[in-house]
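The values are calculated or read from the model by the stated rules, or taken from the named source; none is laboratory data. Everything numeric here is computed off the predicted structure, so don't read it as measured data. For neighbour counting, all protein chains shown are included, and Cβ atoms are generated from backbone atoms with ideal geometry for every residue, glycine included.
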Amino acid sequence: MKISSAYIHIPFCQQICHYCDFVKFFYDEKAADQYLEALEIEMDGYVPGAKQVMKTIYVGGGTPTVLTAAQLEKLLKMIDGHFDIDKCEEYTFEANPGDLDQEKADLLAKYGVNRISLGVQTFDNTLLEELGRVHKEEDVYLNIDRLRHAGIDNISIDLMYGLPNQSVELFEESVDKALELNLPHYSSYSLQIEPKTVFHQRYKKGELSKPPEEDEVEMYHLLQKKLREEGIYHYEISNFSRPGYESEHNLTYWDNAYYYGIGAGAHGYLPGKRTINIRPLPAYLKKVFEDGKPVLHEEPVELKEMMEEEMFLGLRKMEGVSRARFKEKYDRDPDEVFGGAVDTLIDRGLLEEDGGYIKLTEQGKLFGNDVFASFLID
Amino acid sequence: MTTQIKKENVRNFSIIAHIDHGKSTLADRILEKTKALTQREMKEQFLDGMDLERERGITIKLNAVQLNYTSAADEDYLFHLIDTPGHVDFTYEVSRSLAACEGAILVVDAVQGIEAQTLANVYLALENELEIIPVINKIDLPGADPDRIKQEIEDVIGIDASEAILASAKDGVGIDEILERIVTDIPAPAGAKENPTKGLIFDSLYDSYKGVIAYTCIREGSIRVGDKIRMMAKGKEFEVTEIGVFRPEPTPVKELIVGDVGYLTASIKNIGDSQVGDTITLVKNPAAEPLPGYKRMNPMVYCGMFPVDSNSYNDLRDALERLQLNDSSLQFEAETSQALGFGFRTGFLGMLHMEIIQERIEREFNIDLITTAPSVIYNVILTDGTEKQVDNPSMMPDNQKLEEVQEPYVKATVMVPNEYVGPVMELCQRKRGNFVDMKYLDDNRVNIIYDIPLSEIVYDFFDTLKSQTRGYASFDYEFIGNRTSDLVKMEILLNGDTIDALSFIVHKDFAFERGKQITEKLKDLIPRQQFEVPVQAAIGNKIVARSTIKAMKKNVLSKCYGGDVSRKRKLLEKQKEGKKRMKMVGSVEVPQEAFMSVLEINDD
């Protein structure tokens, strides 16, 4: 299997969100200039010669659009120089509603970016402020207009639920507003309070509380129902789209396929190993300028891990895991590999098997981790 | 003779101190000064050999080190420093090691003064007629008040403190003076080489190559390699294979004679055959009487120990057997619990002893354990007149079959500054204590004595005491016998099933309150399951309290973490590990801590 996806990380932000634990730093023009140089060196390492054909490219962050127009163009040219954009099916940039002006939107379109993932999170201005986001509700509409004006219609937005002080009604308002935008793709995930974030600090001090689990479940059900009614189907635990607009790039993760991970803290999956890049910016830069290889460590992925991951990643997809495909790929039946795990989970009402596909039930979607953990072999 | 030094120049002593008052540091300095160790060889606190000891800052097993010292008058002396454990669980071992000495250095913290533990050990030393050299340590600390402490030593202990040595073991101050005073104040051991041999065993440990290594102090006569010896309490006989002294590493010698302190091995397979306090004599020309003071140590506290993974049952038995080789006071027998499966009922001298054994099993033998709440031994008289001993609450007969239940009581001595008398008395009352006496030791400190059921102090009494007196209270207790109490068995039901391992014995007057607290506590401790779980407390058939663990609604990470699959994997592995540490009890997953929780109740 060849490598036909790439993830490129831009670790800069105007402001740090209170819940974010990705690799990010306050934007600094000089640092960003250096970083772009480093990215180019790292890319050269993976793609030294002619442009490589990619099925998907995903530029995430941080906030890629925090770069100045000039820096953004440099980045776009660089990607264009290494990968065959004409043949790329899906070329996504993450953007924040706050910092996408028309110039940048046009630039993205000009260089072949054909999909944007907007970090909207919620349409409620008070909640936005509590999350530490810079943008306001109005910015979302403005940005979507600019993107459409530039010719990019394939837009996805992120919505969060289970936020502190978020009621089911408040979430419903956001979902309604999101649907009014008539977009082809929506991602929605519940807030996780991660270590080393502002939220975690507050949570530990007891200053922050999440809505009760019951409410979160209600929000999730509400989300599924409202989107289904609009013809937007649920294709992965936290992703919804109109048919044909699934995120091909995210599916490479769930399909257990290979991808490059480029940039500080980026993760990649190459034949036989997962790569994890150095996270701190200075250390990342130093290593790239030294030898072009900023990989902090590599985790070997042997047959056992591959089979486990096939299940716990694949089951995130609503279509589930094909028994036949599994057999074809590993020459063994899942029951042989995982003992009675599938049957036990079917008995517990968390999995079902339908047309040769093993997949989560409605209850299973709520208890995904219990299902996934059952596919770790002792 | 082990050295060229005559018996008149031998000094056997030990150091008495409260935890944290600097005993181990002082021992280190003495070892340094007598060049038993070079600075480079020294690990901090050399005498505390086990990792666990060093981490907890306490001494568990005793040590005896031989030191050479040249006095100011240029005469050579041989010192034996016998280290003692500093915890109330090990009082008997302390008393035996003191019995091997003629003198003791009493270390008192220059700021904190005398503590109950110090007092208890000083009394043990006085009982053994030891010469006591008071040392006021940590005089470098701000707030050090040596004059006040001297006064306290005189008032509280009643010994002359006018010549107390002012020291700072940390900075090496006063060490020379201490060494000189050992020479001048502590008498040489009595006894004669010609008398029938008597060696006091003050500690023993098990070595997988040599068998039992008995630490002994020769009070009369001598022992050589090849001698046939007899353990006087048990009557068993062995042939001595090795004799040695600690310098501080074990160093073989040909003979130990009266006054010497060292070790011997004799292919002894079972540590129970070489019990602390026993007397060694020679089969040929045996002593008529053993040395006084031998006592068989009986466990005071019992708990159930179960492997989390039932496949580890045999490993757990092996671990307990191995630990028992080294610790004859540890007792265990097989136990079966409906909730926890196969395990062992295990007896300990006290709570610290129990914690140490648990930790060693988990750490050294790598077995995940579930331990049930500790219990004391109840003496039960049934309606049919028969009597039995119950060390496991789940084995307590039904309440209607009970004529009378007796429980062990202890005399608890608490020493505190004046202003905490109120909280201490309140705590003791709440723990069903009966007031015995209160004595003002000086203007500031009070000694409060209560008779309290042992079951009330085994768990968190000391911690509560410390927190309610801002750390100022010190505490000691001794067993005084059984007394009749109005006790009932309380059972806990999860999802309708009685969980035997959660049963406990409680006084009738406290039963309802306890039931309420424990059901609430379990509700918080047991994670939500995929269904609702009622938690009930019952006495007989009567439910006295109830709480409900609500059903879990979701467990899924919706966030995708970009392509960070390693992280997802780690989270799932962690979840899986977490589950392994849970025990399936009926249909409910219960975490290990829950089984100890029956005693962890805040009384306020």
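Tabulated data for the structure shown
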read-out	value
Residues satisfying the stated conditions in the range B:251-309, i.e. closer than 17 Å to B:L325 by Cα, part of a loop (DSSP other than H, G, I, E, B) and of a type in the set (S, T, Y)	B:S267, B:S274
Pair list, Cβ under 8 Å, 6 or more apart: the range B:561-574 residue within 20 Å of A:I278 (Cβ to Cβ) and within 7 Å of chain A (Cβ to nearest Cβ), other residue assigned to a helix (DSSP H, G or I) and modelled with pLDDT under 90	none
The range A:330-350, residues that are among the hydroxyl-bearing types (S, T, Y) and within 14 Å of another protein chain (Cβ to nearest Cβ)	A:T344
All strands (runs of 3 or more DSSP E) inside the range B:364-446 with 3 or more residues being without any contact (Cβ under 8 Å) to a residue 40 or more places away in the chain	B:378-382, B:387-390, B:434-440
Candidate set: the range B:495-527, residues that are within 37 Å of the chain's Cα centre (by Cα) and part of a loop (DSSP other than H, G, I, E, B); chosen: the one farthest from B:E456 (Cα to Cα)	B:P527
Which listed residue, of A:K359, A:K304, is part of a helix (DSSP H, G or I) and out of contact with any helix residue (DSSP H, G or I) (no Cβ under 6 Å at 6 or more places or on another chain)	A:K304
Any hit, the range B:234-247, residues being closer than 18 Å to B:Q66 by Cβ, in a strand (DSSP E or B) and touching an Asp or Glu at 6+ places or on another chain (Cβ under 8 Å)	yes
Residues of the range A:31-62 that turn out to be in contact with a helix residue (DSSP H, G or I) (Cβ under 9 Å, 6 or more places away or on another chain), within 14 Å of another protein chain (Cβ to nearest Cβ) and buried (at least 23 other Cβ atoms within 10 Å of the Cβ), as a count	3
Selected residue (criterion: farthest from the other protein chains (Cβ to nearest Cβ)) from residues of the range A:362-378 that are of a type outside the set (A, V, I, L, M, F, W, C) and not in a loop (DSSP other than H, G, I, E, B)	A:E362
Leading residue by the ranking (surrounded by the most Cβ atoms within 10 Å (Cβ to Cβ)) among those in the range A:168-217 that are touching a Gly at 6+ places or on another chain (Cβ under 7 Å) and in contact (Cβ under 8 Å) with a residue 60 or more places away in the chain	A:L191
Qualifying residue in the range B:127-134 (condition: surrounded by fewer than 16 Cβ atoms within 10 Å (Cβ to Cβ), in a helix (DSSP H, G or I) and out of contact with any helix residue (DSSP H, G or I) (no Cβ under 6 Å at 6 or more places or on another chain))	yes
Selection within the range A:189-246 - in a helix (DSSP H, G or I), within 14 Å of chain B (Cβ to nearest Cβ) and either of a type in the set (S, T, Y) or under 23 Å from A:T56 (Cα atoms) (or both)	A:Y220
Qualifying residue in the range A:283-294 (condition: touching a Pro at 6+ places or on another chain (Cβ under 6 Å), away from chain B (no Cβ under 13 Å) and hydroxyl-bearing (S, T, Y))	yes
Single residue of B:L494, B:L525, B:L599 found to be out of contact with any Ser or Thr (no Cβ under 8 Å at 6 or more places or on another chain) and at pLDDT below 90	B:L599
Unique match (being away from every other protein chain (no Cβ under 14 Å), closer than 29 Å to A:N239 by Cα and either assigned to a strand (DSSP E or B) or among the basic types (K, R) (or both)) among A:E353, A:E319, A:E299	A:E353
Residue within the range A:261-279 that is surrounded by fewer than 20 Cβ atoms within 10 Å (Cβ to Cβ), within 13 Å of another protein chain (Cβ to nearest Cβ) and of a type in the set (S, T, Y) present	no
Pick from the range A:222-261, criterion among the hydrophobic types (A, V, I, L, M, F, W, C) and touching a Lys or Arg at 6+ places or on another chain (Cβ under 7 Å), ranking: nearest to A:V47 (Cα to Cα)	A:W254
Any chance A:V168 is in contact with a Leu (Cβ under 8 Å, 6 or more places away or on another chain) and farther than 29 Å from A:K24 by Cβ	yes
Residue within the range B:197-217 that is over 18 Å from B:L291 (Cα atoms), out of contact with any Leu (no Cβ under 8 Å at 6 or more places or on another chain) and basic (K, R) present	yes
Qualifying position, being out of contact with any Pro (no Cβ under 7 Å at 6 or more places or on another chain) and closer than 28 Å to B:N434 by Cα, among B:L487, B:L494, B:L572	B:L487
In the range A:285-335, residue nearest to A:G268 (Cα to Cα) [restricted to those that are surrounded by fewer than 17 Cβ atoms within 10 Å (Cβ to Cβ) and of a type in the set (F, W, Y)]	A:F289
The range B:310-326: number of residues that are surrounded by fewer than 17 Cβ atoms within 10 Å (Cβ to Cβ) and either within 18 Å of the chain's Cα centre (by Cα) or not in a helix (DSSP H, G or I) (or both)	1
Count - residues of the range A:17-30 that are out of contact with any Pro (no Cβ under 8 Å at 6 or more places or on another chain) and surrounded by 16 or more Cβ atoms within 10 Å (Cβ to Cβ)	5
For A:Q166: the one exception among (1) in a loop (DSSP other than H, G, I, E, B); (2) farther than 28 Å from A:Q224 by Cα	(2)
